[in-house]
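**Student:** There's a structure below that I have some questions on.
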Amino acid sequence: MKALVVGGGGREHAIVRGLRRSVHAPEVLCAPGNAGIAADAECFPAVAADDVEAIVALATEQRVDLVAVGPEAALVAGVSDALEQAGIPAFGPSAAAAELEGSKAFAKELMREAGVPTAAHVLLHSREQATEQIAITSYPTVLKADGLAAGKGVILCSDEAEAHSALDVFFTEQRFGATTVVLEEFLEGEELSLLALCDGENVVPLAPAQDYKRIFDGDQGPNTGGMGSYSPVPGFGPAEVEEIVERVHRPIVAAMAARGTPFHGVLYAGLMIGAAGPKVLEFNTRFGDPETQAVLPRLRSDLVDLFLAAREPGGLAGATAEFDDDWAVTLVLASAGYPESSSKGDVIHGLAAAAELAEITHAGTAERDGEIVTAGGRVLNITALGPSPAAARDRAYDAASRISFEGMQIRTDIAARAVARVPSPDHPGAR
């Protein structure tokens, strides 16, 4: 069996590793991949993830049996549609279904239609309308770019001046090019990520995870693509997960099917758990990053079988995803300047020593003259397992301490709240 993973980040490296653990023992390819993925799969760096024709051509030429599409831009571009049309099995939603992530305005409309709880909001279709609206808004409030923004299209505004600055970013900067901005009420509570596999009809939840979006300790500073995660999450066992799936995932899957755009793939709900129960902050239509790096190492079920079943209408009926009891803690090592910019070409030291303690997945790396160097904002993921959150956390930070590169950024509080809630006799408190 031969499998192709589309993408080149830490999420894709985790998927590559997950596929390699399958009893089917597939030969794994990756496009474009990165310097770390190249050690686990044959990489095709000249093939961009969102180059639909090139991905189909590669999959056809290599006679792959399964393609797992990682990044959201590739899904929105229609990579899954094109692969299926070419007779190549693809794991990932169609472009029409991926609109759930591609447009926050569409997601809000669908949630209203399906009765899924979410924050109150207003759609702003012009800078003039937005200026009028923020003058009568209560603060804090949240502004979101409508389209894809690589996890950076959300700005929390504490006053009107910050809202004006956010609108300048969204309506004028080329990386956003927004024609619509979502103004949303500020929700308080605890964030939770719950990913689920869907076959157009059925929903199979994966283990819950908690993500850390802000760049600095204590959830300070600007949003990033994610600076760390852990799984499972205290207080969210099978009963709580089932309640969320019933209130959030199943209504969305049913609404998509009713529209004639059945959802096949991963439906990721980013949730705020408050006094009124769970409310959806956002939907993603693919594996989360860095949640995937904490969730998949705990998966006991066969990833190949789950991917293939999700492609078939009703293929996941009666299926479950089983997980080890161990805890997983994932740390993100970011380059200097991230998230506003990134440093490239800095030599990374200590990878072999760190790999003795934890699983290292590469996010933004490249090979230069026989050395591994930085090549993006988020550079590496360090994932450690342990019988308690404290044990996994200590192991992850011990591994991270062995790695160095110029300007390396790391949060020091990942999973600290889990340690506080699940005390261990050998690890009485947070780091």
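**Student:** Just for region 253-263: of the residues that are open to solvent by 40 Å² or more (accessible area, probe 1.4 Å) and not in a helix (DSSP H, G or I), which one is nearest to Glu243 (Cα to Cα)?
**Tutor:** Pro262
**Student:** Another question, if that's okay. Considering each residue of region 264-275, count those that are in contact with a Cys (Cβ under 7 Å, 6 or more places away or on another chain) and either of a type in the set (Ser, Thr, Tyr) or not in a strand (DSSP E or B) (or both), and give that number.
**Tutor:** Looking only at that region, the number is 0.
**Student:** Right, another one. Give me the pairs, please: first residue somewhere in region 201-225 and without any contact (Cβ under 8 Å) to a residue 12 or more places away in the chain and open to solvent by 30 Å² or more (accessible area, probe 1.4 Å), second residue anywhere and assigned to a loop (DSSP other than H, G, I, E, B) and hydroxyl-bearing (Ser, Thr, Tyr), beta-carbon distance under 9 Å, and either six or more positions apart or on two chains.
**Tutor:** Asp219/Tyr212
**Student:** Next question. Would you confirm whether or not region 63-70 contains a residue that is on the phi < 0 side of the Ramachandran plot, outside any strand (DSSP E or B), among the small types (Gly, Ala, Ser) and within 21 Å of the chain's Cα centre (by Cα)?
**Tutor:** Scanning region 63-70, I find at least one residue that is on the phi < 0 side of the Ramachandran plot, outside any strand (DSSP E or B), among the small types (Gly, Ala, Ser) and within 21 Å of the chain's Cα centre (by Cα), so the answer is yes.
**Student:** If only one of Glu188, Glu184 is in contact (Cβ under 8 Å) with a residue 60 or more places away in the chain, among the acidic types (Asp, Glu) and in contact with a Ser or Thr (Cβ under 8 Å, 6 or more places away or on another chain), which one is it?
**Tutor:** From the options Glu188, Glu184, the qualifying one is Glu184.
**Student:** Tally the residues that are out of contact with any Lys or Arg (no Cβ under 7 Å at 6 or more places or on another chain), in a loop (DSSP other than H, G, I, E, B) and closer than 29 Å to Pro71 by Cβ, restricting the search to region 140-163.
**Tutor:** 6
**Student:** If you don't mind, another one. Taking into account only those residues within region 151-183 that are open to solvent by less than 10 Å² (accessible area, probe 1.4 Å) and under 23 Å from Ala97 (Cα atoms), which is modelled with the lowest pLDDT?
**Tutor:** This residue is Gly153.
**Student:** Of all residues being in contact (Cβ under 8 Å) with a residue 24 or more places away in the chain, loosely packed, with under 14 Cβ neighbours inside 10 Å and not acidic (Asp, Glu) in region 102-124, which is nearest to Phe287 (Cα to Cα)? Just the residue, please. Give the steps one after another, and end with the answer.
**Tutor:** From region 102-124, those in contact (Cβ under 8 Å) with a residue 24 or more places away in the chain are 102-105, 107-108, 110-111, 113-124; that's our starting set.
Checking the rest, the ones that are also loosely packed, with under 14 Cβ neighbours inside 10 Å come to 113, 115, 120.
Cutting the leftovers down to not acidic (Asp, Glu) gives us 115, 120.
On the way: Gly115: 24, Ala120: 26 Å.
Per the criteria, the residue is Gly115.
Yes/no per residue for (1) among the acidic types (Asp, Glu); (2) at pLDDT 95 or above:
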site: Val67; (1), (2): no, yes
site: Asp81; (1), (2): yes, yes
site: Ala95; (1), (2): no, yes
site: Leu100; (1), (2): no, yes
site: Ser103; (1), (2): no, no
site: Ala107; (1), (2): no, yes
site: Gly115; (1), (2): no, yes
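**Student:** Tell me which residues, restricted to region 128-145, are open to solvent by 30 Å² or more (accessible area, probe 1.4 Å) and either under 16 Å from Val169 (Cα atoms) or without any contact (Cβ under 8 Å) to a residue 24 or more places away in the chain (or both).
**Tutor:** Listed by number, the residues that qualify are Glu128, Gln129, Thr131, Glu132, Ile136, Ser138.
**Student:** Can you find a residue in region 172-180 that is under 25 Å from Ile252 (Cβ atoms) and in a strand (DSSP E or B)?
**Tutor:** Looking through region 172-180, none of the residues is under 25 Å from Ile252 (Cβ atoms) and in a strand (DSSP E or B).
**Student:** Taking the residues in region 52-84 that are under 16 Å from Pro262 (Cβ atoms) and not hydrophobic (A, V, I, L, M, F, W, C) as candidates, determine which candidate is most open to solvent (accessible area, probe 1.4 Å).
**Tutor:** The extreme case among them is Glu84.
**Student:** For region 291-340, how many residues meet the condition of being open to solvent by 20 Å² or more (accessible area, probe 1.4 Å), under 20 Å from the mean Cα position of the chain (by Cα) and farther than 28 Å from Ser22 by Cβ?
**Tutor:** Here the count works out to 1.
**Student:** Could I ask something else about it? Looking only at region 85-96, decide whether some residue is without any contact (Cβ under 8 Å) to a residue 40 or more places away in the chain and touching a strand residue (DSSP E or B) at 6+ places or on another chain (Cβ under 7 Å).
**Tutor:** Keep residues of region 85-96 that are without any contact (Cβ under 8 Å) to a residue 40 or more places away in the chain, which gives 85-88, 95.
Keeping just the survivors that are touching a strand residue (DSSP E or B) at 6+ places or on another chain (Cβ under 7 Å) gives 88.
Taking every residue of region 85-96 in turn, at least one turns out to be without any contact (Cβ under 8 Å) to a residue 40 or more places away in the chain and touching a strand residue (DSSP E or B) at 6+ places or on another chain (Cβ under 7 Å).
The values are calculated or read from the model by the stated rules, or taken from the named source; none is laboratory data. Remember, it's a predicted structure, so these values are computed and weren't measured experimentally. All Cβ positions, glycine included, derive from the backbone under ideal geometry; neighbour counts span all protein chains shown. What goes into the accessible areas is simple: the full protein's heavy atoms, side chains included, and nothing from ligands, DNA or RNA. Shrake-Rupley method; radii C 1.70, N 1.55, O 1.52, S 1.80 Å.
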